[in-house]
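A short worksheet on the structure shown next.
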Amino acid sequence: MKTIHIFTILCFFSILTTAMTCGDDFDESCDIIITNKSGDNIYIQSFVFDDTTTLTPMHVFERFEPGYPYKIENNGVFHDHPVIDALRQSGMKYQLIIFKQSTIDKHSKEELVEKNIFDKRYILTWKDLQSMRFNITYTGKR
């Protein structure tokens, strides 16, 4: 129990410290913090695209390198490292797609791709991320 308490405190200070560096002077060393509060494990994939491309299950399971998507345990935190210079460019958007464990268990990868099934997709501009203080909390709601 003491270990969990210490771990929770360290995570809190890590997030707090990172969040404080994510202001207007956000630099390439700063992360986008994704917190899972859905009650289920989730799998995520992110990418920076221009306005003409939307991140889909096809990108996640067929186009990106093996090992994706990333798993975040329930109540877990993930530090994402997008390409900041690209994100700052006009028209570029940070996109995040989320699959709950229950969705992955219910559907095959082929079905997820064919039917474009996912639980949540965020499409965020640089200004959107600034207003969110570079923190995204997924609660399980669409």
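Tabulated values for the structure
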quantity: Along each principal axis, Cα extent of the stretch 76-118, largest first, Å; calculated: 37, 27, 10
quantity: From phi via Karplus (6.51, -1.76, 1.60), per-residue ³J(HN,Hα) for the stretch 79-87 in Hz, x at Gly/Pro; calculated: 9, 8, 10, x, 7, 5, 4, 5, 5
quantity: The stretch 39-130 - Rg over Rh from alpha carbon coordinates, Kirkwood radius; calculated: 0.97
quantity: Given Lys93/Lys141; Lys109/Lys141; Lys71/Lys93; Lys37/Lys100; Lys106/Lys141; Lys93/Lys127, the pairs whose alpha carbons are separated by over 20 Å; calculated: Lys93/Lys141; Lys109/Lys141; Lys71/Lys93
quantity: Using θ = phi - 60° and Karplus 6.51 cos²θ - 1.76 cosθ + 1.60, couplings along the stretch 37-45 (whole Hz; Gly, Pro as x); calculated: 10, 8, x, 9, 5, 10, 10, 10, 9
quantity: Residues whose placed amide H lies under 5 Å from that of Gly76, excluding near-sequence neighbours; calculated: Asn36
quantity: Label-point gap, in nm, between Glu73 and Asn135 - each point 7 angstrom along Cα→Cβ; calculated: 2.1
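No value in this document is a laboratory result; all are computed from the given coordinates. These numbers were taken from a predicted model, which means no experiment stands behind them. Note: ideal-geometry Cβ built from the backbone for every residue, glycine included; neighbour counts use all protein chains shown.
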